[in-house]
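What follows is a single structure, written as structure tokens, with notes after it.
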Protein chains: 2
Amino acid sequence: MNKDFNYSNLKLGIIGGGQLGKIMSQKAKKMGFHVTVLDPTFNCPAAQVSDKHIIGGFYDKDKLEQLVQETHVTTFELEHVDTSILKELYDHGHKIYPSPYVMELIQNKYEQKKLLDEKGIPVPKYKNVNSKEDLKAFGFPVIQKAKMGGYDGQGVQMLKSESDINIAIKAESFIEELVDINKELAVIVARSIEGEIRCYPVVEMLFDERVNICDSVMAPARISKDIEEKSIEICIKSIEALDGVGIFGVELFLTKSGELLVNEIAPRPHNSGHYTVESCATSQFEQIIRAVTNLPLGSTKLISPSVMVNLLGEEGYEGEPFIEGIHDALEIPELSFHFYGKSFTKPFRKMGHITVLDDDIDVALEKAMKAKDILKIKGSKKYE
Amino acid sequence: MNKDFNYSNLKLGIIGGGQLGKIMSQKAKKMGFHVTVLDPTFNCPAAQVSDKHIIGGFYDKDKLEQLVQETHVTTFELEHVDTSILKELYDHGHKIYPSPYVMELIQNKYEQKKLLDEKGIPVPKYKNVNSKEDLKAFGFPVIQKAKMGGYDGQGVQMLKSESDINIAIKAESFIEELVDINKELAVIVARSIEGEIRCYPVVEMLFDERVNICDSVMAPARISKDIEEKSIEICIKSIEALDGVGIFGVELFLTKSGELLVNEIAPRPHNSGHYTVESCATSQFEQIIRAVTNLPLGSTKLISPSVMVNLLGEEGYEGEPFIEGIHDALEIPELSFHFYGKSFTKPFRKMGHITVLDDDIDVALEKAMKAKDILKIKGSKKYE
């Protein structure tokens, strides 16, 4: 897309039709673009708000090719995608961002870590696992991660003692030292086709310990100016190391001794950046559209502090979702309610989120926790 | 919709599929609702982002009935609608907000004015026109307005002298004194089913003199605290007088002598409230959805000052739109670009808008005016 391109004709393709694709599509439609979504699920969240839906899986080469051929630019809301056909199309000049080569690298968490390590970016101590012996190399407890396919706390587990080797992940994996974490931080980084980088504020992630899913995000993080600046510097170096174009969610550990380590990088809009919709001048979802269509990156300025809370499917329920407490929750001032339009809930499934603004981040947290207590996503079927 | 209603199933109907319907639909989809749009135009802006499109006109009783029957709640993005079938359906218990009775009253600008006048709300001096003689009653110049069907500067004209009676509007009309205007102000007012009212900040409207279309909006208006409070008071009284539910755009004249007069009221999201998407805790487009679905009204707090500029089709062009200057305009920080996805431009047609944020309203205005100079909506056909 050069300066003469008529953006009123622009056709964008998004691989993946979940909540990230949905909000990306809404922002692309805000700018008047035509959006086609590829996703296997009929009436998936993004399909409900887009111009066209190609029903197909993320490893269906024909459907991937159809999407790329029918659009001017293709991007991603997820990283678990067949990259072979995309690499072919990319090599033939089709616009696909981040490039399928970057996607392929990031798909493998071990290779991702190795690259960052080689580029001098601080990461937790890690080691490839080729045998049961390798699992013991750092002693116990230790973290074991599948190289491929992990998502939302899956493909990651703690081995507490040697006896846990029996329950070790069987797929290709690596181990990582158990870091003594003070806070988990995250930064959304945007990078343009020309290599311009813009970082969003450093945020603080809070986790649901039961399932290791990010539960809430505080923007900005309650950290010192020094830690903030170091975090931003590390994140910029990381995305430059990857040579990625688009939006990247960089997860960091701040250790109890004050060290910053990159945990992992998502090559797409990230849960820790949902807050940008209400809190920042340009949301991460609009920013990725700007980046991949060769428009100037937008301002990442924080307009108001906020706290985001994921609405996860309640334990003990599945089936058609029922939103309990919506009336009481929406009484809370400066609260924005997002519900993704998934037709089926199950325990801990991401069904929606809320973002609560307040000039005072502690008041925002208080309001958000109140809403979290009130809002429950139950289902049509209850079980014990 | 009572407290036990399952909002994850909610089906909303919107009469009208232009830019207002589009953004309303996007906000309803954000909350996970199912949206059906009624509009005669294939691929109209709102249809592109909604679940279902009923192709039909606003005076097509069968299609209006279909929309109401298929959805839980019906609302409007425009006021020029057949109200007879809607009144029947409303009387049979269907949820339609604002009620078709309110819509009917507002459709007639003369009746609207008379009601406000009778309720003690300050309005410009006005007089029904039954004869050519009536046109002369206030002397010249004088404003003549069609009672029905006016929109975007149409159906309103100035009669400069007695000789202009030849070009007077032939339809049913009334005259209004020519007010000595200092500023044109506007307030977006939300009212819930229970009668709760929330006002947005008072804003200042700037007009394109050539065609009398609102061109830019400054939020907040540069007025004294006293004028602000009086404006809010008048707007609340006006919407209570109408007994309306939903979102109302109240246009006010601030005269050179410091008087405030209600010009007219739109019973739907209003151009002067576009800024609320980026500037306020809850946009007018989400607020109407909350109001008509019986959810609590959201906070109308101004999070950041802003200036909104309409992107009108350039004079001398029509056909498929071409967005000139998009690269340079999007370099301007804190600028949000909206393009509606209309397939055809013509002179002064509303094709999109931008909203520019800045803590300093004068800086916001400067940035917005720069963007306005850069962005031109041209068309595939040029004519002299």
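The values are calculated or read from the model by the stated rules, or taken from the named source; none is laboratory data. What you are looking at is a predicted structure, and each value in this text was computed from that prediction instead of being measured. Heads up, the Cβs are rebuilt from the backbone with ideal geometry, glycines too, and the neighbour counts pull from every protein chain shown. Areas reflect the complete protein model, heavy atoms only, side chains present, ligands, DNA and RNA absent. Shrake-Rupley method; radii C 1.70, N 1.55, O 1.52, S 1.80 Å.
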When the charge dipole of region A:7-96 is computed with +1 on Lys and Arg Cβ and -1 on Asp and Glu Cβ about the Cα centre, the Cα farthest towards its positive end, among A:Val37, A:Tyr7, A:Thr75, belongs to A:Tyr7
Give, in nm to one decimal, the length gained when the segment between A:Asn9 and A:Ile181 is fully stretched (0.36 nm per residue of separation minus the Cα-Cα distance).
57.1 nm
Using a label position 7 Å from Cα in the Cα→Cβ direction, what is the ascending list of nm distances from A:Phe140 to the same site in the other copies?
9.9
With +1 at each Lys and Arg Cβ and -1 at each Asp and Glu Cβ, the charge dipole magnitude of the protein assembly as shown around its Cα centre, to the nearest 20 debye, comes out at 980
Positive end of the charge dipole of the protein assembly as shown (Lys, Arg +1 and Asp, Glu -1 on Cβ, about the Cα centre): tell me which of B:Leu135, B:Ile188, A:Leu105 has its Cα farthest that way.
A:Leu105
Inter-site label distance for A:Lys52 and B:Asp359 at 7 Å from Cα along Cβ, in nm
4.6
When each copy gets a label point 7 Å from Cα toward the beta-carbon at A:Ser224, what are the spacings between them in nm, shortest first?
5.1
Per the 1.4 Å probe, what fraction of the accessible area of the protein assembly as shown, in percent, lies on carbon and sulfur atoms?
47
Would you pull out the residues with amide H under 5 Å of A:Val245's amide H, same chain only if 5 or more places away, H placed 1.01 Å from N?
A:Ser99
Please list, ordered by chain and number, the residues whose modelled amide H lies under 5 Å from the amide H of A:Gly18; skip anything fewer than 5 residues away on the same chain.
A:Ala46
Would you compute, from DSSP H runs of 4+ residues alone, the mean residue ellipticity of chain B at 222 nm, taking -39500 (n - 2.57) per run and dividing by the full residue count, rounded to the nearest 500?
-7500 deg cm²/dmol
Using only the alpha-carbon atoms, what does region B:7-96 span along each of its principal axes? Please give whole angstrom values in decreasing order.
31, 29, 17
Of B:Lys119/B:Lys230; A:Lys342/A:Lys381; B:Lys52/B:Lys342; A:Lys30/B:Lys183, which sit over 21 Å apart, Cα to Cα?
A:Lys30/B:Lys183
Put the label 7 Å from Cα along Cα→Cβ for A:Glu111; what are its distances to the other copies, in nanometres, shortest first?
7.0
Considering the zone a paramagnetic label at B:Arg210 would reach in this model (a point 7 Å from Cα along the Cα-to-Cβ line), which residues of region B:303-345 have amide N under 11 Å from it?
B:312-317
Label-point separation in nm, B:Ser131 to B:Asp243, each point 7 Å along Cα→Cβ:
3.7
Please compute the length gained on full extension between A:Ser84 and A:Ala171, using 0.36 nm multiplied by the number of residues separating them and subtracting their Cα-Cα distance.
29.2 nm
Under 5 Å between amide hydrogens, which residues at least 5 positions from B:Gly379 or on another chain qualify, with H placed 1.01 Å from N in the peptide plane?
B:Glu318, B:Phe322
Please name which of B:Pro201, B:Ala368, B:Gly379 has its Cα lying farthest along the dipole of region B:181-382 towards the positive end, using unit charges on Cβ (Lys, Arg +1; Asp, Glu -1) and the Cα centre as origin.
B:Gly379
Normalised per residue, the volume of the convex hull around the Cα set of region A:125-177 (Å³):
69
Calculate, in nm to one decimal, what A:Glu70 and A:Glu194 gain on full extension: separation in residues at 0.36 nm each, minus their alpha carbon distance.
42.2 nm
How big is the dipole moment of region A:125-177 about its Cα centre under a simple scheme where the beta carbon of each Lys and Arg is +1, that of each Asp and Glu is -1, and everything else is neutral? Debye, nearest 20, please.
60
Considering only protein heavy atoms, what per residue accessible area in square angstrom results for the protein assembly as shown with a 1.4 angstrom probe?
38
Using a Förster distance of 45 angstrom, determine the FRET efficiency expected from the C-beta separation of B:Ser257 and B:Asp62, and round it to 0.05.
0.30
Of every Cα-Cα pair in chain B, the percent that sits beyond 34 Å
27
On the principal axes of its Cα set, how long, how wide and how thick is the protein assembly as shown? Give whole Å, largest value first.
103, 59, 49
Environment charge at B:Arg268 (Cβ cut-off 12 Å; Lys +1, Arg +1, Asp -1, Glu -1)
-2
For region B:317-384 and region B:229-260, what is the separation of their C-alpha centers, rounded to whole Å?
30
